[in-house]
Amino acid sequence: MSVLRDIKEIITGLAITFGHIFRKPVTVQYPEEQRPMPARFRGSIVLTRDPDGQERCVACYLCSGACPVDCISMAAAEGENGRRYAAWFRINFSRCILCGLCAEACPTLAIQMSPEMFHCKREIMDMVWEKEDLLIDGTGKDPNYNFYRHAGIGVVNPRGENPGEDPPVDVRTLLP
Amino acid sequence: MTWNYVDIALMLVKILLVFFIILTLAAYLVLAERRILAWIQDRIGPNRVGPFGLLQPLADVIKMLTKEDLIPASSDRLLFSLAPAMAAIPAILTFSVVPMGAPLHIMGHEVSLQVTDLDVAVLFFLALSSIAVYGVALGGWASNSKYALLGSIRGLSQLISYELSMGLSLVPVVMLAKSLRMTDIVNAQASMPFIVYQPLAFLIFLVSIFAECKRIPFDLPEAEGELVAGFHTEYSGMRFGLFFVGEYINIIALGALASVFFLGGWRGPLLPPIVWFFIKVAVFSFLFIWVRGTLPRLRYDQLMHLGWKFLTPLALINILATGWWLALR
């Protein structure tokens, strides 16, 4: 009897859908509930600090050179102790394509991609982030790295006192 | 029968009350459908407007009313604007013969919870459900669009086929109750609802009202996968809203009639009659939504096959068997 079989199939289907009524919905109600992003997700860009709490950025312009959409701009300045820093640093997130090339180019691990998601803005100028907006208090992905402890220029320690560094040699003493 | 002002006033109050109740119910049925369908599909559904999304119908009405009212240039303007009303009014009118509860006694007047107790209520209902087809047919034709025309042709032939089995499945009910009057049908089920005697007629009636409401699995007139939106493709704004709300009023009306014909109407133990009536209507409305979340759409030839070669002969056999049983009893 194909009719009885059809009725049985319909009742089976109805039972399945009835069971689904009481299941937990899979919906994520976005603005209120946000799924945590994977740790290596390329979200918004941050400027990190070294373990001593100083800015890591040395304003070398490599990120802005690597940026395919030219959204990073800055001006370099130098402190009294010879430490370079960015006088201002600006990322135009309305242009940024979150490609991560700036973070790859950075020699001091200052600029990093965070898993933080962007939010929409009504004003396009709100998408332009200044250095104060970009700087975070933490060290980001490499917590022990401090560029000036490896670079051999006496900003953090006097020359020759950093790990893996020999004291500078007076070249005149080598003369014949 | 003499009429006095109290009777007229009571009648007016009843009419307004019925209007208010069914329009509110229809609006909330739309919300219920969206929520329940969402639950079936493991979603949440509209929950933003008001608590639990309870103000969503209001937001929908505001949206419908403020939309542009578009009339296609090549359409028949008169029929185009008339058709939505022709779809909605018969659905609302059907409610005038539905008994919603046991008669009340107010100020020495016996008030039946029914707008009018027609002698030929069953025929009145069948006639109205035939008239409702005009809204679909003329709406599709007046739109002057291929999709709408195809939808309305489908609607026309589908409704004619299923009207037959629906009418025939009601004949055993009338035979058992020996009356076409709704109150008599409800009273005849005082000891036992007719679904016990007539399970087959109930099933045929159920399938037919699904087709009559143009609901999945019989939603061929508005099959969105094939015909864009079927007969109301060209409609927008509140004209579309009228078609839409008419469909939901139809669901409530046919659910109410199914409970009157087969489940004993407002009769039930413990709870007050009117509560029983609305529980039964709610059960039928839920069934409509549940089936929509479950079944796929039939193909057109399957639909015709089911109607003409299966349901109609089955209903005829059922009538013969019922007659035989009544004669031998």
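Every read-out reported here was derived from the displayed coordinates using simple, explicitly stated rules and does not represent laboratory data. Since this is a predicted model, take the numbers as computed values, not measurements. Please note: Cβ atoms are built from the backbone with ideal geometry, for glycine as well, and neighbour counts cover all protein chains shown.
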| Taking Cα centroids, how far is the range A:1-31 from the range B:252-329 in Å? | 21
| From the residues B:Gly53, B:Val173, A:Asn81, which one has its Cα farthest along the dipole of the protein assembly as shown in the positive direction, the dipole being from +1 and -1 charges on Cβ of Lys/Arg and Asp/Glu about the Cα centre? | B:Val173
| said: Less than 13 Å Cβ to Cβ from B:Val174, Lys/Arg counted +1 and Asp/Glu -1: what total charge do the surrounding residues give? | reply: 0
| query | What ranking of B:Val281, B:Val228 emerges when the number of other C-beta atoms within 10 Å of each C-beta is taken as an exposure proxy, fewest first? | reply | B:Val228, B:Val281
| Against the longest alpha carbon principal axis of chain A, how many degrees, from 0 to 90 and to the nearest 10, is the axis of helix A:2-21 turned? | 40
| request: Would you calculate, for chain B, the mean residue ellipticity at 222 nm contributed by helices, counting each DSSP H stretch of 4 or more residues as -39,500 (n - 2.57) and dividing by all residues, to the nearest 500? | output: -22000 deg cm²/dmol
| query | Under a point spin-label approximation (7 Å from Cα along Cα-to-Cβ), what is the A:His20-B:Val6 distance to one decimal in nm? | reply | 5.6
| What's the center-to-center distance, using Cα atoms, between the range B:1-72 and the range A:112-160 in Å? | 56
| Helical mean residue ellipticity (222 nm; -39500 (n - 2.57) per DSSP H run of 4+; nearest 500) of chain A | -5500 deg cm²/dmol
| query | When only DSSP loop residues count, what chymotrypsin sites (Phe, Trp or Tyr not before Pro) in the range A:134-176 have their Cβ near at most 13 other Cβ atoms within 10 Å? | reply | none
| note | Relative contact order as a percentage, the range A:82-166, C-alpha pairs under 8 Å and 6+ apart, gives 30
| message | I'd like to know how the range B:195-293 sits against the 2.2 N^0.38 Å rule of thumb: what's its Cα Rg over that expected value? | response | 1.23
| Once phi is turned into ³J(HN,Hα) by the Karplus curve 6.51 cos²θ - 1.76 cosθ + 1.60 with θ = phi - 60°, what whole-Hz value does each residue of the range B:72-89 show in order, with x for glycine and proline? | x, 4, 8, 7, 7, 4, 5, 5, 4, 7, 7, 4, x, 5, 5, 7, 8, 5
| note | So, over other residues within a Cβ distance under 14 Å of B:Gly225, counting Lys, Arg +1 and Asp, Glu -1, the net charge is -1
| message | Let me make sure I get this right: for the range A:45-156, a, b and c are the square roots of the gyration tensor eigenvalues over alpha carbons, sorted descending. Under 1.5 in a/c it's rounded, otherwise prolate if a/b > b/c, else oblate. Which is it? | response | prolate
| Roughly what % antiparallel, to the nearest 5, for the DSSP beta bridges in the protein assembly as shown? | 95
| Neighbour net charge for B:Phe52 - beta-carbon separation under 13 angstrom, K R +1, D E -1 | +3
| task | Would you kindly state how much longer the chain becomes between B:Leu65 and B:Asn187 on full extension, computed as 0.36 nm times their sequence separation minus their alpha carbon distance, in nm to one decimal? | result | 39.6 nm
| Which of A:Thr48, A:Thr108, A:Thr12 moves the most in a Gaussian network model of chain A with Cα springs under 10 Å? | A:Thr12
| task | Please work out, to two decimal places, the log10 of the ratio I(q)/I(0) at q = 0.20 Å⁻¹ from a Debye calculation in which every Cα of the range B:61-138 carries one identical scatterer. | result | -0.92
| remark: Over all Cα pairs of chain B, the Kirkwood radius sets Rh, and Rg/Rh then becomes 0.97
| query | Could you list log10 I(q)/I(0) for the protein assembly as shown at q = 0.09 Å⁻¹, which the Debye formula gives when each Cα is one point scatterer? | reply | -0.76
| query | In the P(r) worked out for the range B:113-238, what percent of Cα pairs fall beyond 20 Å? | reply | 52
| field | DSSP loop GluC sites (Glu not before Pro) with at most 10 other Cβ within 10 Å excluded, longest remaining stretch of chain A | value | A:124-176
| said: Once you keep just the Cα pairs under 8 angstrom separated by 6 or more residues, what percentage relative contact order results for the range B:175-329? | reply: 29
| message | Under 8 Å for C-alpha pairs, at least 6 residues apart: give me the relative contact order for chain B, rounded to a whole percent. | response | 23
